[in-house]
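Note sheet for the following structure.
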Amino acid sequence: MAVNRRGRRPACRIRVALLALAATLLAAVAHAAAIDAAASQVGFHLVTRWGQSLDGRFNTIRGAVDDMGGDLRRVRLILSTSDVEIVGHPGYTRFARGSGFFDAERWPLVEFISDPYPPELLQTGGALGGTLRMRGVQRREVFVLQPAGCARPGIDCDVVASGRVRRGDYGMRRWRVALGDDVRFSLRMRLRAEPGQ
C-alpha cells in the first residue's frame, strides 16, 4: 500500500475523515430539540364569502429545532393532513381533507423549514422566513413571531407565530365562490425539555 510523505496510509486518512464526519452528524442530532407535539398547537383560519369563520387544526405535529452552529437555529415542522379538521364542522372537515383543499390522500404532509435564525429572534419577535411545501408546491413564506414572555422560549412558555398564505398559490382552487383565498396559520410551539433543563 502506498504511503504519503507524512507516513500515513490513504486508507487511514479516509477512516479518520469518516469518523470525523460521523462525529459531526451525531453532534448535529444531539443538538436537535424535538417539538413537543402534545403541548403544541397548529391551527388555521378561513372565512367564507358570507362572513362565516372556520377554525381548523392539525392533530398530528412533528418536528425539531436544529442547532445549525454559529449561534443559529432552524425549525423543521411536519404536519399531517390526513387527520386535519375544521372544528365543529364534519362537512367542512371532509372538504379540508379532500382533493379540493389539502388532498390528504395524495399529499399527506405539509412541511415548513425555516431559514437559519439567531435565538434572540424568539425574545424580540419578528419575521421568520422559510420554505413551505404543501400539495407538492414549494414556496417562500414568512411567519411573524411574537416576543417571548419568558427567558427560555419553547421550554418555559410557548413560541407563538402566525402567517398568511394564499390557497390558490398551492393549487387549492375549488370552492372559490364560497371560500376566501387567505388561509391564516397560527402556531403555539413547545419543545421537549432535555434532562436538567
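Annotations for the structure displayed:
- Residues of the range 169-180 that are more than 19 Å from ARG106 (Cβ to Cβ), open to solvent by 100 Å² or more (accessible area, probe 1.4 Å) and in contact with a helix residue (DSSP H, G or I) (Cβ under 9 Å, 6 or more places away or on another chain): ARG176 alone.
- Here is the figure for the range 52-85: residues that are more than 17 Å from ILE35 (Cα to Cα), open to solvent by less than 40 Å² (accessible area, probe 1.4 Å) and not in a loop (DSSP other than H, G, I, E, B) total 3.
- In the range 149-183, the residues that are in a strand (DSSP E or B) and more than 15 Å from the chain's Cα centre (by Cα): PRO153, CYS157, ARG166, LEU179, ASP182, VAL183
- Selection from the range 92-103 of residues that are open to solvent by 40 Å² or more (accessible area, probe 1.4 Å) and either touching a Lys or Arg at 6+ places or on another chain (Cβ under 6 Å) or more than 20 Å from ASP169 (Cβ to Cβ) (or both): TYR92, ARG94
- Count of the range 104-132 residues which are open to solvent by 20 Å² or more (accessible area, probe 1.4 Å) and farther than 18 Å from GLY63 by Cβ: 8
- ARG166 being in contact with a Leu (Cβ under 8 Å, 6 or more places away or on another chain) and loosely packed, with under 14 Cβ neighbours inside 10 Å: no
- Per the listing ARG188, ARG184, ARG135, the residue uniquely surrounded by 14 or more Cβ atoms within 10 Å (Cβ to Cβ), touching a helix residue (DSSP H, G or I) at 6+ places or on another chain (Cβ under 6 Å), of a type outside the set (Val, Ile, Thr) and at pLDDT 95 or above is ARG135.
The values are calculated or read from the model by the stated rules, or taken from the named source; none is laboratory data. All of these numbers come straight from a predicted model, not from anything done at the bench. A quick note on method: Cβ atoms are made from the backbone with ideal geometry, for glycine too, and the neighbour counts reach across all protein chains shown. When the accessible area is computed, the model is the full protein with side chains, heavy atoms only, and any ligands, DNA or RNA have been set aside. Shrake-Rupley method; radii C 1.70, N 1.55, O 1.52, S 1.80 Å.
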